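Reading through the structure tokens given below for one structure.
The values are calculated or read from the model by the stated rules, or taken from the named source; none is laboratory data. Predicted, not measured: the structure shown is a model, and the values here were computed from it. Please note: Cβ atoms are built from the backbone with ideal geometry, for glycine as well, and neighbour counts cover all protein chains shown.
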């Protein structure tokens, strides 16, 4: 099981890229999961559904299961946001975990940068950025790069730079101390 991250400012196209990247990785015979950070309150269920009502009633966890999928929601109820190492421990075994966000954490990341977003690059200040996917002209010394619209090339970068999950957990736990 290996891990790679996609990091960038809001509006850079991380989610759009993941939606194109997943089929490119799966076509190579890999099992892939994603772990996404949200900076805002979010719901995966909807008002009126049993899972929503259970959560509102105070359940700490709500597991919903069907013949198609299951989802586990865990309410923090005032506790702090768990670290990335804890969340990775919750993931089922796959070939590759793609992390979206968590740009401040210590794991290998491909920076996703879009010129029209008018935000600065992250890579000069983040030693964990190993490559860049952008529509900006290069070169970017010391970084592998791919065009933002080239999912195949970005899949190549993801596989080249993904690291074993045990290595990532150790790095994250060391940084959490």
Just to be sure I understand, how many residues within region 129-170 are crowded, with 17+ Cβ neighbours inside 10 Å and in contact (Cβ under 8 Å) with a residue 40 or more places away in the chain? 13
Among the numbered criteria (1) under 18 Å from the mean Cα position of the chain (by Cα); (2) surrounded by 11 or more Cβ atoms within 10 Å (Cβ to Cβ); (3) at pLDDT below 90, which single criterion is violated by residue 64? (1)
Looking only at region 89-102, count how many residues are farther than 19 Å from residue 129 by Cα and surrounded by 10 or more Cβ atoms within 10 Å (Cβ to Cβ). 5
When restricted to 109, 119, the only residue surrounded by fewer than 17 Cβ atoms within 10 Å (Cβ to Cβ) and at negative phi is 119
Quick one: would you say residue 30 is under 17 Å from residue 163 (Cα atoms), surrounded by 14 or more Cβ atoms within 10 Å (Cβ to Cβ), over 15 Å from the mean Cα position of the chain (by Cα) and modelled with pLDDT of 90 or more? yes
Pick from 71, 38, 59: which is within 21 Å of residue 19 (Cα to Cα) and without any contact (Cβ under 8 Å) to a residue 60 or more places away in the chain? 71
Take residue 101 and decide whether it is without any contact (Cβ under 8 Å) to a residue 12 or more places away in the chain and touching a helix residue (DSSP H, G or I) at 6+ places or on another chain (Cβ under 9 Å). no
